[in-house]
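K.L.:
The structure is given below, and queries will be raised subsequently.
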Amino acid sequence: MFIDCHAHIVHPFNYTSVTQEDVEAIVKTAKERAVHYIVSVSSNSNYYSFYDIEKRFKNLVRVVGIQRGLAQSNHSLMLSDLKKELELRKPKAIGEIGLDYTYLNQESGKGVAIRKQQKLFRSQIQLASEFSLPIVIHSAEADRDLVDILEQHRVEDIGGMVHGCSCGLEARKKLIDMGLFLSFGPSQLERNGTLEMVRQTPIENLLTETDAPAWTKFPDTSVEFQPADVSDVARKLAEIKEIEIEEFARVVLNNAKSLFSL
């Protein structure tokens with residue numbers, strides 16, 4: 001039994017709508033490939049309204065938050081919407097939240113943008129502490145600030161995962177020491193260095209994901225990943241860890257159940 005620990009199945013990419021039939025098809029295909037749980041991430045308050053669709057599927061694990069790309073917007077309004085959602089719907093985690101400095105290198109207002117991302121990140125960690133929820137973290141080119149903020153906020157008290165982990169060795173060690181899970185998906189498996197990264201991560205800290213439909217398959221980039229493909233991710237990671245797929249899937253599922261209180 002497999003689990004996709006990070007997908008955006010009710011996130012209307014490319015400005016398309018999402019219907020109950022769309023989600024039903026995704027869930028059905030996933031089940032046919034032994035994917036019994038899908039963590040459905042909505043990281044924009046505009047999409048919290050899809051709750052009425054999500055709640056119809058008991059194997060969808062709901063996560064809501066405010067992603068770093070919205071850090072330049074009105075924080076107070078978005079955080080108010082998020083808090084209301086946490087109070088009313090009781091999702092399993094807050095996410096995806098975090099830091100991404102990838103496209104800030106040449107930006108004249110880099111310092112301001114970084115501070116706004118950090119402020120939004122900290123505010124949501126505080127909400128996670130208030131509601132006793134784990135966090136789902138996005139991080140890119142921000143290892144030092146990520147670790148510093150997580151240490152300052154004692155993230156080990158609430159728990160969490162770093163999705164699509166691409167952190168350096170030093171940061172990964174510290175994240176694992178904090179008790180966090182590191183999640184890997186298709187995009188990581190296409191990068192140099194991932195093999196060693198996975199080998200160095202204890203299986204007790206590993207999770208699997210697709211980040212669907214954000215990533216496309218290679219070499220046919222017209223085809224998007226979907227949660228059903230997490231079974232392929234799990235088999236590849238099990239191969240890297242030199243563990244039988246049944247045992248690998250069992251441990252990863254237990255990791256996810258622990259994190260999301262399933």
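The values are calculated or read from the model by the stated rules, or taken from the named source; none is laboratory data. All values derive from a computational prediction rather than experimental measurement. In this analysis, Cβ positions are derived from the backbone assuming ideal geometry, glycine residues included, and neighbour counts consider all displayed protein chains.
K.L.:
For region 169-203, name all the residues that are more than 22 Å from Asp229 (Cα to Cα), within 18 Å of the chain's Cα centre (by Cα) and surrounded by fewer than 19 Cβ atoms within 10 Å (Cβ to Cβ).
P.N.:
Ile176, Met178, Gly179
Here's the yes/no breakdown for (1) within 20 Å of Leu127 (Cα to Cα); (2) of a type in the set (Val, Ile, Thr); (3) under 18 Å from the mean Cα position of the chain (by Cα):
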| position | (1), (2), (3) |
| --- | --- |
| Ser40 | yes, no, yes |
| Tyr47 | yes, no, yes |
| Lys55 | no, no, no |
| Val61 | yes, yes, yes |
| Gln67 | yes, no, yes |
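K.L.:
Let me ask something additional. Scan region 138-151 and give yes if some residue there is out of contact with any strand residue (DSSP E or B) (no Cβ under 7 Å at 6 or more places or on another chain) and small (Gly, Ala, Ser), otherwise no.
P.N.:
No, because not a single residue in region 138-151 is out of contact with any strand residue (DSSP E or B) (no Cβ under 7 Å at 6 or more places or on another chain) and small (Gly, Ala, Ser).
K.L.:
Name the single residue, out of those in region 68-94 being crowded, with 20+ Cβ neighbours inside 10 Å and at pLDDT below 95, that is nearest to Ala228 (Cα to Cα).
P.N.:
The selected residue is Arg68.
K.L.:
Pairs, please: C-beta under 6 Å, at least 6 apart or cross-chain, first residue modelled with pLDDT of 95 or more and in region 237-262, second β-branched (Val, Ile, Thr) and not in a helix (DSSP H, G or I)?
P.N.:
Hits for this filter: Val252/Thr208; Leu253/Ile3; Ala256/Ile3; Phe260/Val61.
K.L.:
Another question about this same structure. Name the residue that is surrounded by the fewest Cβ atoms within 10 Å (Cβ to Cβ), counting only residues in region 95-137 that are of a type in the set (Ser, Thr, Tyr) and at pLDDT below 95.
P.N.:
Ser108
K.L.:
Sticking with this structure for a sec: Taking region 23-57 as the region of interest, how many residues are of a type in the set (Asp, Glu), surrounded by 14 or more Cβ atoms within 10 Å (Cβ to Cβ) and farther than 28 Å from Phe248 by Cβ?
P.N.:
0
K.L.:
Taking the condition of a type in the set (Phe, Trp, Tyr), closer than 20 Å to Val39 by Cβ, buried (at least 18 other Cβ atoms within 10 Å of the Cβ) and at pLDDT 95 or above, does Phe225 pass?
P.N.:
In short, no.
K.L.:
Output the residues belonging to region 28-54 that are in contact (Cβ under 8 Å) with a residue 24 or more places away in the chain and over 23 Å from Ser258 (Cβ atoms).
P.N.:
Thr29, Glu32, Arg33, Asn44, Ser45, Tyr47, Tyr48, Phe50, Tyr51, Ile53
K.L.:
Could you check Ile9 against (1) surrounded by fewer than 18 Cβ atoms within 10 Å (Cβ to Cβ); (2) among the β-branched types (Val, Ile, Thr); (3) touching a Ser or Thr at 6+ places or on another chain (Cβ under 6 Å) and say which number it fails?
P.N.:
The one condition Ile9 does not meet is (1).
K.L.:
Count, please, the residues in region 178-210 that happen to be small (Gly, Ala, Ser) and part of a strand (DSSP E or B).
P.N.:
1
K.L.:
I would also like to ask the following. Among the numbered criteria (1) over 22 Å from Cys165 (Cα atoms); (2) surrounded by 13 or more Cβ atoms within 10 Å (Cβ to Cβ); (3) modelled with pLDDT of 95 or more, which one does Gly65 miss?
P.N.:
Only one criterion in (1) over 22 Å from Cys165 (Cα atoms); (2) surrounded by 13 or more Cβ atoms within 10 Å (Cβ to Cβ); (3) modelled with pLDDT of 95 or more is unmet by Gly65, namely (1).
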